[in-house]
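What follows is a set of notes on a single structure, which appears directly below.
Please treat every number below as a calculation from the coordinates, not as lab data. The model shown is predicted, which means the values in this text are computed figures rather than measured ones. All Cβ positions, glycine included, derive from the backbone under ideal geometry; neighbour counts span all protein chains shown.
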Amino acid sequence: MNKQQYTKDYMQTHDIDYFCIINGVPVHIASEGGRIPDILNNKEILQEQCHWVYGLPDTYNNNEIQTNDNKIEEIINDGGYEYLTELELEQSKRHDIAKEMYYSSFIKMAQKGFYSFGKSNPDNPEDPYYHIVARPQSFKRPASLLSSFLESDYIQKISIPELDFDKDISSLVNLKLVELIESNQPDS
Amino acid sequence: MNKKCSNALYKALLAYRETIINTVREIKKNDKKAYKKNKCKKKTDRDYIKHYPAAIVGCERYRSSKGRNCNRSQIPTNIRDFNPELKRELEKLGPIGTKANSNVIGGCAEVHAANKVMNHHKKGLNTLAFTVTLSPRTGRQKPYCRNCQLTFGLSNE
């Protein structure tokens, strides 16, 4: 294990944001206790990425973001937010709170221009599946700060021919993102 | 059967989640300046939280309004501060900091929350009640891991 890399234990106890460009599309992945691909696991670069991205202005407003409602409804209805009953709120209100909680951090990333992915089964760090949560609805020329970031050495460009981000958002589920990133060479 | 915790503990847990989200966001944006600012702000923010923890949980003394703590998953670097009874129970799984049942022993949010409550109130493991465990980013409920089920007698039923 390289000292510059986060250890397995650290990754398992933390939910780390990481970024890359896949097939020309800026991608954000929330690790949610899962493993970060070896080629992207570099503490210094990951910290620099966060510093850049969290300082970026929004390129898209809320109406220009597309969300994966089918998948998120499935997660909410699967008992992921049952504990909200403890707050003695009406059911519709609880449902709205659950949706807001789930979406907020991913929509923020989509507003900055990223396709934002979450882990499908965060209960199991070994589970390989990810799904898209939010993405910009249409392409806009990135703001200058985002362009500088996307052209910098802090973000890797990767080609994954089997991934098609133009597909319907609800079909971008059950993706073994970490394995796909690791099995494809970064663009030089 | 898990001991039922109070509604107030759930409210405290959701407030803790908000604090974590805001702290992480601010630290990522402003880095060192925010670290210094947050470090001194209040007791719960003292640690440098630069990534979301994978899990958070609330713990309190069962049927008591006293002794409430919300905490997060983290690598156990403070083993010396662990309550002796808790430490003994964890060591039944293996040395603290190593892995058992695919999880780091002593790394769970439950352990850190329980440790605070036990150390502060000098009460045993069997007096604790927990909230469900949440992923702070999404607020989604996570099942208790095998280690926590064995240590605290928690069940996912």
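Overview of results
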| quantity | calculated |
| --- | --- |
| Karplus-derived HN-Hα couplings along region A:163-170 (A = 6.51, B = -1.76, C = 1.60, θ = phi - 60°), whole Hz, x at Gly and Pro | 9, 10, 6, 7, 5, 3, 4, 6 |
| Distance between modelled label sites at B:R25 and B:Y62, nm, 7 Å Cα→Cβ extension | 3.8 |
| Too-long pairs where the Cα-Cα distance tops 23 Å, listed order kept, from B:K66/B:K116; B:K4/B:K92; A:K157/B:K50; B:K11/B:K142; B:K66/B:K92; A:K112/B:K50 | B:K4/B:K92; A:K157/B:K50; B:K66/B:K92 |
| R0 of 45 Å, Cβ-Cβ distance A:K3-A:E88: FRET efficiency to nearest 0.05 | 0.35 |
| Amide H within-cut-off set for A:F117, under 5 Å, with H built and near neighbours excluded | A:H28, A:I29, A:A30, A:V133 |
| Translational D in µm²/s for region B:64-120 (Stokes-Einstein at 25 °C, 0.890 mPa s, Kirkwood Rh from C-alpha pairs) | 213 |
| Degrees separating the helix A:43-54 axis from the principal Cα axis of chain A, which is the longest one | 60 |
| Amide H within-cut-off set for A:I65, under 5 Å, with H built and near neighbours excluded | A:Q137 |
| Acute angle (nearest 10 degrees) that the helix B:7-30 long axis makes with the longest principal axis of chain B, alpha-carbon atoms | 40 |
| Scaled radius of gyration (Cα, divided by 2.2 N^0.38 Å) that chain B gives | 1.01 |
| Shielding score for A:33-44, defined as the mean number of other chain Cβ atoms within 10 Å | 1 |
| Peptide-level mean, for B:123-135, of C-beta atoms on other protein chains within 10 Å | 2 |
| Whole-number Å³ per residue for the convex hull built on Cα positions in region A:130-188 | 114 |
| B:N7-A:E126 FRET efficiency (beta carbon distance; Förster radius 30 Å; 0.05 resolution) | 0.30 |
| Inter-site label distance for A:H95 and A:N61 at 7 Å from Cα along Cβ, in nm | 2.7 |
| Overall Cα dimensions of the protein assembly as shown - principal axes, largest extent first, Å | 59, 48, 38 |
| Other protein chain Cβ atoms within 10 Å, averaged over every residue that makes up A:80-90 | 4 |
| Cβ-Cβ FRET estimate between B:K87 and B:T127, R0 fixed at 22 Å, reported to 0.05 | 0.85 |
